[in-house]
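Report on one structure; see the data block that follows.
The values are calculated or read from the model by the stated rules, or taken from the named source; none is laboratory data. Being a predicted model, the structure only gives us computed values, none of them experimental. Note that each Cβ is placed from the backbone with ideal geometry, even for glycine, and that neighbours are counted across all protein chains shown.
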Amino acid sequence: MLNTLRTIVQEVSAASDLQAALDIIVQRVREAMETEVCSVYLFDSDNSSYTLMATEGLNKSAIGLAKLSQSEGLIGQVGQREEPINLEEASSHPKFHYIPETGEEKFHAFLGVPIIHHRMILGVLVVQQQKRRRFDEHEEAFLVTMSAQLAGVIAHAEATGSLHVSSVNTNSIAKTARFQGSPGASGVSIGEAVVLAPAADLSVVPDRDHTDINKELAALDKALEAVRNEMRNTAAKLSGRLPEEERALFDVYIRMLDDNALGKEIRNRIHEGNWAAGALRQVIQEHVQNFELMDDAYLRERAVDVKDLGRRVLASLQQDEQKNIEYPDNIILISEELTASMLADVPHNKLAGLVSVRGSSNSHAAILARALGIPTVMGVVELPYHKLTGKPMIVDGNLGIAYVSPSRELLEHYQVVVEEEREFTKGLEAISDLACVTPDHFRVPLWVNTGLMTDTVRSLDRGAEGVGLYRTEVPFMLRERFPSESEQEKIYRQQLEAFAPRPVTMRTLDIGGDKSLSYFPIKEDNPFLGWRGIRVTLDHPEIFLVQVRAMLKASVGLDNLRIMLPMITNVFEVEEALHLIHRAHAEVLSEGLPVMMPPVGVMIEVPAAVYQVRELARRVDFLSIGSNDLTQYLLAVDRNNPRVAGLYNSFHPAVLQALQKVVEDSHREGKTIGICGEMAGDPVAAVLLMAMGFDMLSMSATNLLKVKWALRKITMKRAKEILAEVTKLDNAMVIRSSLELALCRDGLGKVLGIKSKRFKSNEETSK
Ligand code: PEP
Ligand code: MG
């Protein structure tokens, strides 16, 4: 059964459009279940009705015509109850509604299951039979599983108009299309789409019309020849070590790349209009799918070889292509998964907005985007990004919406929003040099989170009083190998010098989770619960020691370094890390460098640490809450997963109680406690954090002035009253809205008003 399911899902995924997919579903399910009828009814939310979209066994002339309202018939009943209905005699059910066009009167047994995606009913999958009998529980389970697996594929097809990008049709998105994601970085921007694929990842190569066919054909020839040569060289190198028959495989690969084999097919696609990389993707994907559908396990495995060949040719194509991209002036950069190195590759002065298909507001790509102040939308899972190159777009990072081909009306609306934002930001610059002091004279130190050098300039311009979190993994992510001790020393020195005499908190390498180094891949089923942060560096003391030595050497004569340890879950990790830091310090001293032992702190970002704050505090000099991870681990919500992004909420009472407890326990041990998660940069949250007693708030430079503006307007007394009020509430959403309401009443609405008003127009296609 599992094999049948897998084969059907693969075939459906490979279909060229929604109708072809539905036709395959009904054919294959009918065969697999050996039943007489299989049909799919899709739900249309615009007019609240179901339409028969595909059938095997009923009259095909009824397709598109047989319709039922939302609550009509057995189909409506399955949809409303959101569970299967299994009947021996359909017509005796009180809800039965006969549709003459279908010719279904001769079928008695009925099994209908809902097709549900993200809690939304997409349609109903039905099987019917003449014989009066109940479908048995295996059959019911098969249909339910089939429907669950197909729901995602159908949802994607409905949203994008096709399942598998098999033809280039850049005009397919001609009117405003609206795609909902999560807010990544606030702000709004208008620009032109540039789609970037991660290096040599075939699955994310977009389709693109070419302008010069000869250029594409020549690029393809060059890439094919380069890979053939690579194969010949590898085969020659292995000649003494591999048996003859294994080496023969290389000849097969070389022939596959021949002008008459894959080469010819790719060339044909280029002649049809696609650029070389897109044509390559199409051809390779088709072959891979064919191999994967084969019953023979050996032949199925060959799919891997074809994929590998495709990747090699792509890598060769990309080498030339990266150098030749012509960027428009206002780039809306789109990728399936945004990475730090992509941001670095694009001319910074032209980067207007970012859209990522994967990830959510708390992914590290979003954090980087916030640091750079680039409006960003994350987790736009339905975005047909393959087709967007060159399209005009609007990125609304406040509401988490990406618009493609916006209408004139929508553009005018957003031009006003962009202008208003510009005015507001300009107005804030006036408070750059002022301290963050409440009207009743409480000082709240505002620090910044950094990672890129560009953050530094912006931070200093805005009056940052220190660095609460320097993410050292960012420079690691921008390289192709581990930076050496002296390279690291240089990078850290720049940070320390730029902020001196202000303190700079350098976090030791925090990789794993959603932060990977291309040259040190970590593949795990559960990366956020796996080898992350301090766990990696304690297992690799050589990496840790080099890094700490580089930090210490970089601080010579400046003495503004603080070292912070990420992902601490027990006291033993702190002791081991301290031991290594002392060792590195002694080594640097023995080299004759006069370095002070810097303060060492821990991040509180997992629940276990919340309950051991006092024990941890006794061993270190300071503590800092990483609210991004603390929220994810307390609520058991992967911060990177758009599917559960709606559950991720730092205003959850459990998170607020944990924060308050950590502040109190740290103070009981006489240690300072800061917070460097994204929460600190949200003016609404900052009011609560100040009332809780945090000793400093550290945030991206982009948010610093907004937070300062808000805190300079509210007294500590009032903030404490608001905290006391929301502490009584038990629901995150109610807490957030109560806070917003209270702050609006206190005249802080302006800082909350930096949200685009929702825009609705008739021509907007809501996805
Ligand atoms: C955090 O988890 O809140 C934090 C500041 O660290 P990062 O976002 O880099 O994981
Ligand atoms: Mg963290």
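Computed quantities for the displayed model
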| item | result |
| --- | --- |
| Failed condition for V602, given (1) in contact (Cβ under 8 Å) with a residue 60 or more places away in the chain; (2) within 16 Å of ligand 1 (Cβ to nearest atom) | (1) |
| Test: residue in the range 451-460 that is within 16 Å of ligand 2 (Cβ to nearest atom) and over 25 Å from D746 (Cα atoms) | yes |
| Close pairs from the range 605-616: first under 16 Å from M564 (Cα atoms), partner of a type in the set (S, T, Y) and assigned to a helix (DSSP H, G or I), Cβ under 8 Å, at least 6 apart | E605/S627; E605/Y633; V606/Y633; V613/S666 |
| L580 being within 16 Å of ligand 1 (Cβ to nearest atom), touching a Pro at 6+ places or on another chain (Cβ under 9 Å) and among the aliphatic types (A, V, I, L, M) | no |
| Residue satisfying condition, being part of a helix (DSSP H, G or I), of a type in the set (S, T, Y) and in contact with a Leu (Cβ under 9 Å, 6 or more places away or on another chain), within set T7, T51, T35 | T7 |
| Among the residues listed as L589, L634, the single one being within 15 Å of ligand 1 (Cβ to nearest atom) and either surrounded by fewer than 15 Cβ atoms within 10 Å (Cβ to Cβ) or not assigned by TED's automatic domain parsing to the domain that holds I401 (or both) | L634 |
| Selection within the range 454-481 - of a type in the set (V, I, T), part of a helix (DSSP H, G or I) and touching a strand residue (DSSP E or B) at 6+ places or on another chain (Cβ under 7 Å) | T456 |
| Residue pairs meeting the criteria (Cβ under 6 Å; at least 6 apart or on separate chains; first of a type in the set (D, E), in the range 571-586; second surrounded by 15 or more Cβ atoms within 10 Å (Cβ to Cβ)) | E573/I534; E576/L538 |
| Single match in I85, I24 (criterion: of a type outside the set (D, E) and touching a strand residue (DSSP E or B) at 6+ places or on another chain (Cβ under 7 Å)) | I85 |
| Any chance N628 is surrounded by fewer than 23 Cβ atoms within 10 Å (Cβ to Cβ) and in contact (Cβ under 8 Å) with a residue 24 or more places away in the chain | yes |
| Members of the range 331-340 that are surrounded by fewer than 24 Cβ atoms within 10 Å (Cβ to Cβ) and over 26 Å from K215 (Cβ atoms) | E337, T339, A340 |
| Test: residue in the range 472-485 that is touching an Asp or Glu at 6+ places or on another chain (Cβ under 9 Å), under 20 Å from A365 (Cα atoms) and among the aromatic types (F, W, Y) | no |
| Hits in the range 98-134 (condition: surrounded by 15 or more Cβ atoms within 10 Å (Cβ to Cβ), in contact with an Asp or Glu (Cβ under 9 Å, 6 or more places away or on another chain) and not in a strand (DSSP E or B)) | F107, H108 |
| Any chance L354 is assigned to a loop (DSSP other than H, G, I, E, B) and either within 16 Å of ligand 2 (Cβ to nearest atom) or not β-branched (V, I, T) (or both) | no |
| Yes/no for E56 being at pLDDT 95 or above and assigned by TED's automatic domain parsing to the domain that holds M146 | yes |
| Residue match in the range 564-572 (condition: farther than 16 Å from T472 by Cβ, within 16 Å of ligand 2 (Cβ to nearest atom), assigned to a loop (DSSP other than H, G, I, E, B) and out of contact with any Gly (no Cβ under 9 Å at 6 or more places or on another chain)) | yes |
| Odd one out for E36, checked against (1) at pLDDT 95 or above; (2) over 22 Å from P100 (Cβ atoms); (3) charged (D, E, K, R) | (2) |
| Checking L469 against (1) among the aliphatic types (A, V, I, L, M); (2) within 30 Å of T715 (Cα to Cα); (3) more than 16 Å from ligand 2 (Cβ to nearest atom); (4) surrounded by 15 or more Cβ atoms within 10 Å (Cβ to Cβ), the condition it does not meet | (3) |
| Of the criteria (1) of a type in the set (D, E, K, R); (2) away from ligand 2 (no atom under 14 Å from the Cβ); (3) buried (at least 16 other Cβ atoms within 10 Å of the Cβ), which one R532 fails | (2) |
| Some residue of the range 596-605 being charged (D, E, K, R) and either at pLDDT below 95 or farther than 21 Å from A686 by Cβ (or both) | no |
| The listed residue being within 27 Å of Y519 (Cα to Cα) and either surrounded by 14 or more Cβ atoms within 10 Å (Cβ to Cβ) or among the charged types (D, E, K, R) (or both), out of F424, F442, F482 | F482 |
| Which numbered condition V355 fails, given (1) modelled with pLDDT under 90; (2) closer than 19 Å to S203 by Cα | (1) |
| Condition broken by F544, with the remaining ones in (1) more than 16 Å from ligand 2 (Cβ to nearest atom); (2) surrounded by fewer than 21 Cβ atoms within 10 Å (Cβ to Cβ); (3) within 29 Å of the chain's Cα centre (by Cα) satisfied | (2) |
